[in-house]
Amino acid sequence: MDSISMDSVSAASFPAQCDIRVRHGDLGRDGTVSTIGMARWLEDARIRLRMPRFERHAGDGEFGPHQIIFVSQSVERLARVDHTAADVQVHTGIRRIGRSSFTYEQAVFAGGRRVGGGSATVLHLGPEGPLALPGELIADLNDLAMPDSSETAAPRSGAERRQRDRYPFFVPLRARIGDVDANQHVNYLAQATWYDEAVAAFTAAALGVDGPAPDLSPSSYRIDYLGEVTYPGDYEIGVLVRAFDGDRVDYELGIFRGRTCLGVADATGARGTLSARSFGLGGPR
């Protein structure tokens, strides 16, 4: 079961929850919480989640050099949420526990109604590669496990997605110092905003607009992180339109430095007034 199609999962299925305050910076151009804003809420909830056994042993220096790094994440905005929304909560649980990685499952509720959700898979990494999850961490994860938490990991994107020649439309972007986090690379949420920027640039080009294009930013993302995006650096975001119908557009996106692909994403956004002919900018070659 895909993480962003779990509308039937109730709030009671999630072991942890936290209250969220809607901030002005969470709002998009339409005055409601953007998909990126909702992704920040999911991050806030994960940061607040406590894993006491693992934190205690890590604090005592009982583990060697290691990192917890993001492998993939998804986010979907299911309904509009404006700045007046009250009783907003993110519910979090652990969907999958593997040998060296695990997956969060999350749902956003506002006024008792599910308005969004997502997932994130993280990897326990050492200097020589993936490390087995320590027993203390597994014990904490089991405390947060959701019902039926034995799913296998979601498949990674295919090798063809990493080929620069697959993408007919590119948007140049330069990493900003504000994109860099404490790990000294471009933060994974900052990279999500790059995909937003690429879709906006594609929309403007498709409509022939010199200036702000209509707000057709994606309502969902599924992102795979493939390599380290560093500062300073000049990058390009590749855009391809995989499919469309009367209401929506499905995009394939990729972050490139030269011919090296450092990340890919699937995104779905509104079609608006985009014509079928305009998709030639982002259609298959």
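The values are calculated or read from the model by the stated rules, or taken from the named source; none is laboratory data. Predicted model only: the values in this text are computed from it and were never measured. All Cβ positions, glycine included, derive from the backbone under ideal geometry; neighbour counts span all protein chains shown. In case anyone asks, the SASA skips ligands and DNA or RNA and just uses the protein heavy atoms, side chains included. Shrake-Rupley method; radii C 1.70, N 1.55, O 1.52, S 1.80 Å.
Residue by residue, region 14-29 carries 3J(HN,Hα) couplings of 9, x, 10, 8, 8, 7, 10, 9, 5, 9, 4, x, 7, 7, x, 5 Hz when phi is fed to the Karplus relation 6.51 cos²θ - 1.76 cosθ + 1.60 (θ = phi - 60°); x denotes Gly or Pro.
I want the local charge near residue 200. Using Cβ-Cβ distances under 14 Å, sum +1 for each Lys or Arg and -1 for each Asp or Glu among the other residues. Taking every other residue near residue 200 into account, the sum is -4. Radius of gyration over Kirkwood radius for region 187-226, both on Cα atoms: the Rg/Rh ratio is 1.03.
Taking the Cβ of residue 273 as the centre, find all other residues whose Cβ is under 14 Å away and add up their charges (Lys, Arg: +1; Asp, Glu: -1).
On the way: positive: 248, 271, 277; negative: 215, 247.
Charge balance in the 14 Å sphere: +1.
Taking Cα atoms only, the orientation of helix 35-48 departs from the longest principal axis of the chain by about 10 degrees. For the pair residue 55 and residue 19, label points projected 7 Å from Cα toward Cβ lie 2.0 nm apart. To put it simply, the accessible area of region 28-133 at a 1.4 Å probe is 50 percent carbon and sulfur.
In percent, rounded to a whole number, the relative contact order of region 87-159 is 33, using alpha-carbon pairs under 8 Å and six or more apart.
Let a ≥ b ≥ c be the square roots of the eigenvalues of the Cα gyration tensor of region 80-137; is it rounded (a/c under 1.5), or, if not, prolate (a/b larger than b/c) or oblate? Here region 80-137 falls in the prolate category. Less than 5 angstrom separates the built amide H of residue 116 from those of 78, 108, all sequence-distant by 5 or more or on a different chain.
The 3J(HN,Hα) values that the Karplus relation (6.51, -1.76, 1.60; θ = phi - 60°) gives for region 235-246 are, in residue order, 10, 10, 9, x, 10, 9, 8, 7, 7, 7, 9, x Hz. Gly and Pro appear as x. 3J(HN,Hα) couplings calculated from phi for region 114-128 with the Karplus curve 6.51 cos²θ - 1.76 cosθ + 1.60 (θ = phi - 60°) are, in sequence order, 6, 10, x, x, x, 8, 8, 10, 10, 10, 8, 10, x, x, 9 Hz; Gly and Pro show x.
Full extension from residue 231 to residue 174: what is 0.36 nm times the residue separation minus their Cα-Cα distance, to one decimal in nm? List each step's numbers first, then the result.
Details: separation 57, 0.36 × 57 = 20.52 nm, distance 0.86 nm.
Roughly 19.7 nm would be gained on extension.
Amide H contacts under 5 Å for residue 248: 271, restricted to partners 5 or more places along the chain or on a different chain, H placed in the peptide plane at 1.01 Å from N. Across all directions, the average flat footprint of the convex hull enclosing the Cα atoms of region 6-148 is 9.0 nm². Take the alpha carbon gyration tensor of region 97-253, find the square roots of its eigenvalues, order them as a ≥ b ≥ c, and report rounded if a/c is under 1.5; if not, report prolate when a/b exceeds b/c, else oblate. Because a/c hits 1.5 or more and a/b exceeds b/c, region 97-253 counts as prolate.
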